[in-house]
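Working notes, beginning with the structure itself.
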Amino acid sequence: MGSLKQKESKRMKYDYAVFIGRFQPFHVGHLHNIRYGLLHAEKIIILIGSAFRAPSIKNPFSYEDRWAMILSDLKASGIDLERIIIEPVSDWFYNEAGWRNEAQERVEQYADKDSHIAIIGHQKDASSYYLKCFPAWQHIDVTNFDDFNATDFRVKLFKDHILDADYLIDNDDDRGSLKILQSYMQTSNYQALCDEFTYIASYKASWQDAPFKPVFVTTDAMVLCNKHLLLIQRKQAPGKNLWALPGGFLDQDERIIDGILRELEEGTTLSIMPEEIPQTLIAQEVFDHPDRSLRGRVITHLGLIMLPQKELPQVTAQDDAKAVKWVKLDDVLEKMSDCLMDDHYQIIKFMTSKYKLIT
């Protein structure tokens, strides 16, 4: 009887502690929080955010790379991997409920209605808003370990071409953060993001002396024909070689719809005549997530255009488009989340749901 009471007294306060992050890359600050969480919970559920994004200077590493880094580094640090669960979570820029539901569904694969759950986190800035998204979960507060910040690490990586060893777990395994990053720095993908970092830094420097941070206005066209979506492949940074909706910056002297049509024709040679607009322009939407573009505050106006014919119109890449093609909308949604620029995948997903584009 006494031994049973002793076992009960040693039971952790929580069955599961949820740790959400992008882990770009995984570093000793994250390890500190996991160690602390394991003092309070039987198991840690690590939710890797922005799981299936195209590579960028903010999200350079795939979900698979981050999964491997985390497990290898935790093992090298003496963490019992039986107490670790890792799951992906997608971005839902324009459907906050969708993101919350996905995160909860990932957790509920393991936890039941009687489980005691807490979320691990530190209230550092606006990016910590997610800590309040799950009112049914308790909160395990952690400190910002030695002020470590993955953003600072990535600046050194892409600007100075330096791996800051202070951030990385001591691990000689080929799948750990150190080895993966060392190998990554020898790849063309790394060099492409170094070039993108330089471009974006130069772009921001061009307006740094403005009295106010500028807000840029762009237009995009989501053109559908016979269940196919028109996409362009970008020729230059930012997003070089990524796919995107045809679009660009609004001119000073034009209306939104005129900008949508002009950019569409300039990038793809597809021309929509003014008299066709009442029949083909189904909707216009504004997409304004503050983090949608690494160039700064960019608000885009999207036109949803549906062409009535069965045969796909001929299109040709020009201007800043390297290629242009019609892709089945189903295939875009199922296979292209990691090769679309900025928030274009989230835009396509939002529009498909709102306007029931797949039935």
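Per-structure values
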read-out: Portion, in percent, of the accessible area of the chain that falls on carbon or sulfur, probe 1.4 Å; value: 49
read-out: Distant alpha-carbon pairs in the stretch 198-251 (separation over 16 angstrom), percent; value: 60
read-out: Degrees separating the helix 344-354 axis from the principal Cα axis of the chain, which is the longest one; value: 80
read-out: Antiparallel DSSP beta bridges within the chain, as percent of all bridges there, nearest 5; value: 40
read-out: Solvent-free Debye scattering, log10 I(q)/I(0), computed from the Cα coordinates of the stretch 40-107 at q = 0.12, 0.21, 0.26 Å⁻¹; value: -0.37, -0.95, -1.15
read-out: P(r), alpha carbons of the stretch 158-246 - 5 Å bins starting at zero, rounded %; value: 3, 10, 13, 14, 14, 13, 12, 10, 7, 3, 0
read-out: For the stretch 171-304, convex hull of alpha carbons as volume per residue, Å³; value: 163
read-out: Listed residues His40, His116 arranged by accessible area, highest first, probe 1.4 Å; value: His116, His40
read-out: Dimensionless Rg over Rh [the chain; C-alpha; Kirkwood]; value: 1.03
read-out: Over the stretch 258-299 - Rg/Rh using Cα atoms and the Kirkwood inverse-distance radius; value: 1.08
read-out: Value at 222 nm in deg cm²/dmol, rounded to 500, when DSSP H runs of n ≥ 4 in the chain each add -39,500 (n - 2.57); value: -9500 deg cm²/dmol
read-out: Coordinate range along principal axes, alpha carbons of the stretch 235-353, Å, largest first; value: 36, 36, 30
read-out: Proximal lysines relative to Lys204, as straight alpha-carbon distance under 16 Å, when same-chain residues fewer than 8 apart are discounted; value: Lys58, Lys159, Lys213
read-out: Cross-link partners of Lys13 among lysines (Cα-Cα below 19 Å; sequence separation of 8 or more within a chain); value: Lys5, Lys43, Lys113
read-out: Candidate aspartates and glutamates - alpha carbon under 17 Å from Lys227, same-chain residues fewer than 8 apart omitted; value: Glu311, Asp330, Asp331, Glu334
read-out: Candidates Phe216, Phe197, Phe26: whichever shows maximal mean-square fluctuation once the chain is modelled as a Gaussian network with Cα springs under 10 Å; value: Phe216
read-out: Whole-number D in µm²/s for the stretch 1-160 (Stokes-Einstein; Kirkwood sum over Cα pairs; 20 °C, 1.002 mPa s); value: 129
read-out: Convex hull volume per residue in cubic angstrom - Cα atoms of the stretch 74-169; value: 152
read-out: Calculated P(r) tail over 18 Å for the stretch 313-359, as whole % of Cα pairs; value: 39
read-out: Full-extension gain in nm, Ala205 to Ile257, via 0.36 nm per residue minus C-alpha separation; value: 15.7 nm
read-out: Cα pair distances of the stretch 131-187 binned at 5 Å [whole percent]; value: 4, 15, 19, 18, 14, 10, 11, 8, 2, 0
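The values are calculated or read from the model by the stated rules, or taken from the named source; none is laboratory data. From a predicted model like this one, the values you see are computed outputs, not experimental measurements. Please note that ligands, DNA and RNA were not included when accessible areas were found on the heavy atoms of the full protein model with its side chains. Shrake-Rupley method; radii C 1.70, N 1.55, O 1.52, S 1.80 Å.
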